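A.B. asks: Please find one structure pasted underneath; my questions will follow.
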Amino acid sequence: MAAYCRSCSVIMQKVNCLGACHPFKSQSLLLHYIRRGFGTSTICRALNPVQNKNLRAGKQKVSINHDKPLTYEQTQPPNMIGVSKSWNSWNSGSLNGEREKNAAQIVFEDIFIRKFMYGTWHNLFANEVIIKRRYNQIIIAGLIEQRNHNTIYFLIGYTEELLSFLLKCPVKIEIQTVADKKDMIFRYI
Amino acid sequence: MSAISLRSWLSCRLRKLFGDNHFGCIYNRPYLTSTNLQNVQENTDRKYVKYEDEIVEKETEKFRVFEIPGLKRVQKERWIQYKKREFEAQPRFKQMLPDQDWTKIWPGPATFKWSVVPFPVRQGFIPRPTIGDGVPPGKYANTELIKIPNFLHLTPAHIQQHCQAIKKFCTPWPAGLESDQKCHKHFPLEVVTQDYCFSGSSVRDARARSVTVQFKLSDLDFDYHARDKFIRLVGPRYNKNTDEVTLTADRCPLKTQNYDFIVYLLTALYHESWTVELWEKEKTLDDMEKYFWDLNASRKTILKLLKQIHTIEKNLKLSSNVKALPYMPENPSEENVLALKEVQSYKEAVTDLFNEDETKKNLKKYKEAVRTLLNIPTKNISISQRQ
């Protein structure tokens with residue numbers, strides 16, 4: 001018997017059924033829901049080996065000399081979200097009863113925040129912008145390269161103030177620094 | 001490998017790494033050429049790159065010759081930052097004491113900070129040990145640890161401090177409510193409501209309006225008719241096995257309104273149950289919700305049978321020692337016979353057989369009741385006779 005996961009378009013098959021290949025295929029649909037939990041970033045899909053081979057979206061291309069640097073985030077394909085890497089947006093939008101209410105609004109705001117951060121903190125972020133929502137609070141986390149303090153203090157205050165006005169809720173920036181962006185390199189492909 | 005070839009190899013690598021826009025950290029730094037090796041050698045200690053544009057030789061004194069741009073190769077001298085950037089200061093966890101107060105360092109919920117958390121922690125997946133460092137990525141520059149929620153603000157020390165802080169608001173448990181039975185006795189109504197937490201700009205949730213009230217039917221003061229009518233009125237909301245009634249309301253937009261409605265509903269149901277309508281008296285034997293021995297033919301039959309045995313016995317004038325029914329009184333009036341213990345137990349057995357299932361227990365009970373009623377002796381079969 002196959003069951004259908006509404007939140008991520010996964011067709012769950014029982015173990016004795018052939019055909020489907022999914023990271024959670026040995027687990028129940030309920031457990032799958034629990035593991036999926038929060039987050040609205042990329043869609044997780046069930047694939048058989050042939051489909052998996054032909055899937056190219058979200059996968060990094062291997063360079064000729066195998067010297068293309070990748071972060072940990074980039075090495076994991078989208079179908080491994082929830083398995084070996086977690087979501088970049090953490091909110092309750094995918095929960096039962098929440099989807100119809102404010103999931104679209106959350107996705108729209110997240111895109112806006114990412115665009116805003118890309119422009120305002122240009123060339124500073126060493127990783128993806130991580131957006132967490134707790135009640136009506138939005139927390140923007142990430143790793144940046146070290147710059148002089150005044151610049152960062154200004155940017156934090158400016159971003160928090162402006163985004164709070166634009167999104168009409170408290171916005172907090174929780175950033176940390178890395179010495180060098182090269183420290184983010186996980187492997188070369 | 002000589003120094004020059006090593007450096008040119010390095011420059012080639014770096015250009016591939018950071019020259020294009022493939023990677024998030026873009027260092028649009030110029031690459032190394034063999035001409036400026038000497039300069040690099042001298043400036044290895046420099047932390048930041050000094051970018052110099054083309055150095056055009058100033059030959060002011062000579063006659064200026066027009067040079068077609070791009071025709072002659074212009075040598076460029078550039079610096080390269082080949083040394084990694086380093087931190088200005090030590091991370092905080094390196095300055096921490098082993099006996100520090102963690103609650104001061106991590107007072108509330110916060111994103112994981114590699115520079116503050118003093119213990120080693122790793123998160124990540126490596127499919128093969130040849131990938132990465134051979135072990136899951138550590139806490140430094142680890143995005144996965146930033147994403148996940150942590151409980152570093154809820155250590156036992158934190159909880160203890162929270163408890164200490166709210167202790168002054170605590171009152172002792174009220175006397176007389178020690179056990180669940182006592183609680184149930186004083187508070188028979190159980191009200192269930194839900195609140196919803198979610199990420200959004202509003203705290204309102206339409207699902208939070210519904211209210212459920214549960215109570216035991218035995219807590220209400222009823223006679224048989226009122227109880228039966230109440231059960232008929234509430235229908236499937238009554239659970240026969242647990243004797244519980246569950247009333248749910250979500251018709252009003254607010255929680256309080258729904259609660260008020262349920263209280264009103266309960267009051268109305270209770271008083272309606274006690275009223276007896278005129279048409280309720282037209283209830284016949286077929287309308288009965290269960291078997292009543294007193295209204296059925298079984299009662300008449302038993303009375304008739306016992307009376308008949310008594311009459312025959314009287315007419316035969318047997319000696320008093322061998323009475324067919326020793327329990328029969330001298331005056332076998334209807335009240336006297338019905339009050340008999342044997343008849344009562346028979347009544348109970350027949351009622352159980354009709355109202356409950358024909359279980360082994362009920363059948364046995366019926367058998368015993370009939371035996372006692374008709375004074376049929378139990379056969380005492382010894383083991384030797386059986387064989």
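The values are calculated or read from the model by the stated rules, or taken from the named source; none is laboratory data. Note that this is a predicted model, so its numbers are computed, not measured. All Cβ positions, glycine included, derive from the backbone under ideal geometry; neighbour counts span all protein chains shown. Side chains included, ligands, DNA and RNA excluded: accessible areas come from the protein's heavy atoms. Shrake-Rupley method; radii C 1.70, N 1.55, O 1.52, S 1.80 Å.
A.B. asks: With a cut-off of at most 12 other beta carbons within 10 Å, and DSSP calling the residue loop, which chymotrypsin sites (Phe, Trp or Tyr not before Pro) in the stretch B:147-209 qualify? Please list them.
C.D. replies: Values: sites: B:Phe151, B:Phe169, B:Tyr196, B:Phe198; in loops: B:Phe151, B:Tyr196, B:Phe198.
Loop-located and lightly packed - B:Phe151.
A.B. asks: Show me the ranking of peptides B:92-105, B:226-239 by mean Cβ neighbours inside 10 Å, starting with the highest.
C.D. replies: Numbers: B:92-105: 10.9, B:226-239: 14.4.
The densest-packed peptide leads the list: B:226-239, B:92-105.
A.B. asks: To check you understand DSSP bridge types, tell me what percent of the beta bridges within the stretch A:88-189 (both residues inside) are antiparallel, rounded to 5.
C.D. replies: Details: 6 of 16 bridges.
Beta bridges within the stretch A:88-189, antiparallel portion: roughly 40 percent.
A.B. asks: Probe radius 1.4 Å, ligands and nucleic acids left out: can you give me the accessible area buried at the A-B interface, summed over both chains, in Å² to the nearest hundred? Walk me through the numbers before you get to the answer.
C.D. replies: Details: alone 12200 and 30590 Å², together 38560 Å².
Summed over both sides, the interface buries about 4200 Å².
A.B. asks: Give, ordered by residue number, each residue of the stretch B:132-156 whose 1.4 Å probe accessible area is reduced by a minimum of 40 Å² on adding the remaining protein chains to the chain alone.
C.D. replies: Buried on complex formation: B:Tyr140, B:Ala141, B:Thr143, B:Glu144, B:Ile146, B:Lys147.
A.B. asks: Next question, about the same structure. Can you give me the P(r) profile for the stretch A:88-189? Cα pairs, bins 10 angstrom wide beginning at 0, each as a whole percent.
C.D. replies: 14, 45, 28, 12, 1
A.B. asks: Between the chain alone and the structure with every protein chain in place, find the residues of the stretch B:183-206 that drop at least 30 Å² of accessible area; heavy atoms, 1.4 Å probe.
C.D. replies: B:Cys197, B:Phe198, B:Ser199, B:Gly200, B:Ser201
A.B. asks: In addition: What part of the accessible area of the stretch A:88-189, given as a whole %, is carbon or sulfur when the probe is 1.4 angstrom? Write down the numbers at each step before the final one.
C.D. replies: Values: 2830 of 4900 Å².
C and S fraction of accessible area: 58 percent.
A.B. asks: Let me ask something additional. Out of residues 5 or more away from A:Ile173 or on other chains, whose amide H comes under 5 Å of its own, with H placed 1.01 Å from N in the peptide plane?
C.D. replies: Amide H to amide H, under 5 Å and 5 or more residues apart or across chains, A:Ile173 pairs with A:Ile140.
A.B. asks: If you don't mind, there's one more thing I want to ask. With N set to the number of residues, divide the alpha-carbon radius of gyration of the stretch B:184-241 by 2.2 N^0.38 Å and report two decimals.
C.D. replies: Values: Rg = 16.8 Å, N = 58, 2.2 N^0.38 = 10.3 Å.
That ratio works out to 1.63.
A.B. asks: Contact order normalised by length for the stretch A:88-189, with contacts defined as Cα pairs under 8 Å and 6 or more residues apart; what percent is it?
C.D. replies: Numbers: 116 pairs, mean separation 26.8, N = 102.
RCO, the stretch A:88-189: 26 percent.
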